[in-house]
Structures are given as structure tokens and as C-alpha cells.
Amino acid sequence: MEGDAVRRHVNEEEATQYSPSAMLRGSSGHVVLAASVIDRHYISRQPRGILMRLVLRIGLSLIAMLSPVWCIQQVSVRRPDVRVTDSKFDIGIIGSGIAGGALAAALRDSGLRVLLLDRRDGPLDTSRGDHIQPAVQPLLARWGVLDRLLAAGAERRAGTRWFDANGKHIVTVPVPDESGAARAFLFLNHEEIGRVLLDTALESGAASVTGVSEWSLTSSAGQWTIDWQVGGQANSATCTLLVAADGTASSVRSRLEIDVEKHRYQFPIAVLYGRQLGVSSERTLDVHLTPERMVSLIPRVGGETKVGFPISAEELGFWKREKEEVLHRQLALWCPGVAFDSLRFGAVYPPVAQQSKPYQGKGAVVLLGDARHAMHPARSMGMNTCFRVADQLAIALTALNPGFTQAQVLPVLAEFEAEFDRDLTPRLAENHAAGLQMDTITGNGFPDLANQLRAVAADERLLHGMALKAAGLSG
Ligand SMILES: Cc1cc2nc3c(=O)[nH]c(=O)nc-3n(C[C@H](O)[C@H](O)[C@H](O)COP(=O)(O)OP(=O)(O)OC[C@H]3O[C@@H](n4cnc5c(N)ncnc54)[C@H](O)[C@@H]3O)c2cc1C
């Protein structure tokens with residue numbers, strides 16, 4: 001690799017972030033595999049709080065260090081990092097979250113040279129999209145990602161159950177039996193999905209730089225030059241196509257003055273985590289149309305449940321600081337028949353629906369993911385849409401050869417944008433309608449929606465139509 005512009009080296013600090021538990025690392029920088037598996041599959045899922053997990057981890061570390069029995073197999077947790085100096089890439093992606101990682105993974109067999117830059121220096125936010133629709137699983141299989149998600153612990157989910165304000169079951173929307181689609185939703189924590197995508201991309205030769213503190217863009221002679229700082233060091237690379245995958249508040253979008261249409265919903269979404277009692281082994285996503293608001297109970301790996309519902313700004317203190325039993329009581333009041341063994345506050349998000357215009361300026365630029373189409377989480381579509389759009393873009397770009405020129409990529413982008421308008425604009429409008437429906441804390445049991453769902457329950461054709469939509473199999 002002497003003289004090669006891209007030099008790979010082992011970055012110990014990054015290895016620490018990605019190791020299952022820093023506590024388990026030996027002085028040699030290795031972990032014991034068995035201990036790591038126990039940590040990931042048992043200790044991390046302990047419901048009894050941080051202190052108990054810490055005690056278990058220290059105990060396990062001591063056993064791992066002292067007992068040769070544990071030394072079944074040693075694995076390195078070091079991850080290759082990539083340092084990039086004055087190099088040339090076909091595609092530069094700002095943002096290596098779900099959208100950036102998905103595009104880089106989807107391009108793995110294209111031969112195109114891909115650079116990912118991110119300011120983040122740790123895992124993705126766990127509270128976000130974690131359920132993968134049946135319709136997008138075949139494309140993840142095509143990228144070589146689906147098996148890796150399953151190996152990382154992804155679990156299967158059946159359909160969606162809807163309940164009325166009295167906790168009475170209205171309808172279960174099943175997963176449809178359609179050829180070319182999976183028979184279940186898959187779920188895995190968001191940060192793990194992101195890690196799997198990025199690992200797939202890195203193994204196929206993409207370069208990734210994280211912890212970028214500053215970056216700037218200049219366009220000249222059909223090329224973008226990206227200058228950035230990481231760890232106090234200045235770096236630079238060029239690319240022909242610039243991809244903005246840097247999320248809802250995209251900095252690329254604002255720097256390049258790309259127009260965006262935005263709707264801010266009134267109520268933020270609160271996310272709690274807990275262990276729900278009486279959950280069947282065939283997990284479902286449950287939505288309760290409570291007297292006040294819509295409450296979603298979303299399966300998480302290892303038997304946990306993520307609870308999501310709109311709150312007012314004034315209620316935030318209650319959900320963040322009240323005693324656990326008070327939170328239990330409030331949820332039980334809203335959702336009769338639902339009980340938790342443990343419950344904790346997770347995060348709060350201000351949802352937004354926004355759609356960016358395509359870039360019209362100098363140079364080749366495309367926006368991807370939330371930077372292009374942020375949406376309310378009401379229908380669990382944001383991440384799934386990232387996958388679809390990344391796949392469409394990757395298929396279009398794969399027609400180009402490495403070293404493609406700006407003149408060659410611009411018509412490909414124009415076709416991609418036309419396809420986006422045709423396929424996605426109606427889906428975004430529909431998701432926005434669902435977002436508006438959920439954007440209340442005085443829903444009075446959502447009588448219109450409850451009646452629509454009763455009609456769906458009584459009509460097989462309507463039920464099948466709703467099942468196709470939920471699975472992402474119809475527009
Ligand atoms: C509460 C909640 C629940 C959700 N549930 C679901 C669900 O069940 N199903 C579903 O499909 N979707 C869901 N979503 C939506 C989904 O999580 C998002 O649509 C998806 O994660 C967007 O990915 P992204 O890569 O476009 O953006 P992001 O995940 O925001 O990633 C952007 C990346 O760019 C980096 N970045 C940002 N700014 C800069 C900068 N200036 N310079 C360099 N790097 C930068 C960030 O560090 C990040 O890594 C949910 C969202 C929320 C908030």
C-alpha cells in the first residue's frame with residue numbers, strides 16, 4: 001500500500017467505542033469471545049439498571065481474566081479506520097448514518113470509489129428507526145446486509161395490532177403473503193443496523209472518516225474538493241458526485257442553499273423503554289388509540305419494548321423525572337391491560353415533515369435520507385425509505401464506470417430525481433397525513449380512525465390493502 005493515497009490503520013480509540021463492553025478488554029486489546037457474547041445477549045438486556053449491569057460486567061471481566069476456561073477463542077475488536085490524504089473518489093458522502101451507510105453498502109459491487117465523512121464519533125442514536133419492512137428485505141439481501149442483520153441479533157415481528165380507548169382489540173393487520181417479500185418485519189436496534197451497513201461498505205473498500213470537526217466544500221472543473229479536520233489534522237479529497245446524507249438539519253443543504261419545504265408538527269414524540277409483561281413470543285407492534293393520544297408499543301430485541309407517544313413541552317419534566325411507578329400508572333391508565341415490569345425515559349424528538357428540492361447549482365449533488373425527505377415516525381417509514389431510495393440511486397450509479405465525469409453523472413441524477421417524484425412524493429404525502437393524525441394530545445379516542453379500523457376488520461379486501469401498505473408493498 002506504499003504510496004497509496006488511502007492508508008488503513010488500526011484506530012484503538014474507535015475499537016473501544018465499538019467493543020461490546022470496554023470493561024471486557026484485556027491489556028492486549030483483545031476480548032474473550034464468550035464473555036462478549038454473554039455481555040451482548042444477557043447483561044446488556046438486564047432490566048435491573050446500570051448498577052446491576054456494572055456489577056455483572058465487573059464479575060464477568062474478572063472471570064474472563066482469571067479463568068482459562070473462558071479463553072475459548074480470542075477475537076480482535078480492532079476496526080480498521082481509514083485515513084485519507086489528497087485522494088480522488090467517485091462519490092463523497094457527507095453523513096454515514098442509515099442513508100449514507102445504505103448507499104455505500106448498496107454500491108459494494110460497483111467498483112466505484114466511495115468516501116464517507118461524519119462528524120459523529122460513536123454509535124447512532126438507539127431510539128430511532130428499528131423496524132424493517134418486508135418489502136425492503138429483499139434489497140437488503142441483495143446488498144449482502146440481511147444475513148448480517150440476522151447474525152447481529154435481528155428478530156422477526158408479525159403484524160400490527162390496533163386497540164381502542166378501552167383497550168379492546170380492533171384489528172390485527174397481518175404481514176401479507178406476497179412473493180418477493182419477506183413474511184415478517186425485522187427489528188434490530190438502530191445503531192446496530194447502522195453498524196452493519198457501514199461494516200458492509202468498509203469491507204468492500206469504501207473509506208470512512210468519523211469525528212470530523214470541520215469541513216468545507218469547493219466545486220471546480222467538474223469536481224468537488226472536500227477539506228476537513230479530524231483530531232486537529234487537516235485532510236482533503238476530491239469527488240465527482242457529492243451526496244448529502246447528513247440528516248434532517250443537513251448542513252450540505254444549507255451551505256448549498258437548497259430549498260426545502262418544511263412542516264413542524266406541534267407535539268414532540270417521547271420515547272420510553274421497558275419490559276412489558278405478558279408479551280407473546282410472536283411479537284407485534286401495538287397501537288393504542290387512547291382517550292388522549294396515540295401510544296405505540298414497539299418491540300425491541302431481547303424482549304424490550306419501546307413506547308412512543310406525543311407530549312406537550314410542559315409534560316417533558318413529568319416523563320423525565322417522575323418515579324417509575326408513576327409512569328407505570330399513567331401508561332396503564334391510557335392503555336388498559338398493558339403493564340410493565342420496568343420503564344425508563346429514553347429521549348424526545350421534535351418531528352418534522354420536510355422535502356428538499358433537487359440541487360440546481362454548479363456540480364453534481366444529490367440529497368439522500370432525512371436530508372431529502374424527513375418524516376413523522378407515525379408509520380415507521382423514515383429508515384425504510386432511506387433503504388428504497390439508496391437502492392434506486394445505487395442501481396442508477398452502477399451503470400457508470402469508476403472515474404465517471406460530471407457530464408456522465410448529471411443525466412443519471414436527473415432520471416433518479418424524476419423517479420423519486422413519481423414513487424416517493426405520494427408516500428410522503430400519506431405519511432404526513434398519518435403524522436397529522438398522531439399530532440395531538442387530545443384525541444378523544446380517535447373515533448374516526450377507530451371506525452375506519454373496524455371497517456377494515458370487517459372487510460378482507462380492505463385488510464389486505466392495509467397489510468400491503470404497512471409492509472411497504474403498495475404506494
Ligand atoms: C423516534 C423516532 C422513531 C423512528 N422510528 C422509525 C421506524 O420505526 N422505522 C423507520 O423506517 N424510521 C423510523 N424513524 C426515522 C429514521 O430513524 C430516520 O429516517 C433515519 O434514521 C434517517 O437516516 P439518515 O441517515 O438520513 O439521517 P441520520 O440518521 O440523522 O444520519 C445523519 C448522519 O449525518 C451526520 N451528520 C449530521 N450533520 C453533519 C455534519 N454537519 N457534518 C458531518 N456529518 C453530519 C450525523 O452524525 C449522522 O451520522 C424514526 C425516527 C425517530 C426520531
- In Å and whole numbers, how far do the C-alpha atoms of the range 110-264 stretch along each principal axis, longest first? 60, 37, 29
- With all protein chains modelled, accessible area of Ser342 [1.4 Å, Å²]: 20
- Task: Would you rank Arg283, Arg275 by solvent-accessible area, highest first, keeping every protein chain in place and using a 1.4 Å probe?
- Result: Arg275, Arg283
- Exposure ranking of Leu468, Leu103, Leu473 by accessible area [1.4 Å probe, largest first]: Leu473, Leu468, Leu103
- May I ask you to rank Tyr273, Tyr359 by accessible area, largest first, using a 1.4 Å probe over the protein chains only? Tyr359, Tyr273
- Find the Rg to Rh ratio for the range 223-291, where Rh is the Kirkwood radius over alpha-carbon pairs and Rg uses the same atoms. 1.21
- Work out, in µm²/s and without decimals, the Stokes-Einstein translational diffusion coefficient of the range 366-475 at 4 °C, 1.567 mPa s, Rh from Kirkwood over C-alpha pairs. 79
- Item | Full-extension gain in nm, Lys320 to Lys262, via 0.36 nm per residue minus C-alpha separation | 18.0 nm
- Item | Cα centroid separation - the range 330-394 against the range 117-144, whole Å | 12
- Message: I'd like the distance between the alpha-carbon centres of the range 420-443 and the range 166-199, rounded to an integer number of Å.
- Response: 19
- Burial order of peptide ranges 422-431, 227-236 (average beta-carbon count within 10 Å, highest first): 422-431, 227-236
- Message: With a 1.4 Å probe and all protein chains kept in place, how much accessible area does Lys262 have, in Å² rounded to the nearest 10?
- Response: 110
- Using a 1.4 Å probe, how large is the accessible area of Asp259, given in Å² and rounded to the nearest 10? 100
- Query: So which of Lys323/Lys469; Lys262/Lys306; Lys362/Lys469 end up more than 29 Å apart by C-alpha?
  - Reply: Lys323/Lys469; Lys362/Lys469
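The values are calculated or read from the model by the stated rules, or taken from the named source; none is laboratory data. Keep in mind that what you see is a predicted model, and the values were worked out from it rather than measured. In this analysis, Cβ positions are derived from the backbone assuming ideal geometry, glycine residues included, and neighbour counts consider all displayed protein chains. Quick note on the areas: whole protein, heavy atoms, side chains included, nothing else; ligands and nucleic acids left out. Shrake-Rupley method; radii C 1.70, N 1.55, O 1.52, S 1.80 Å.
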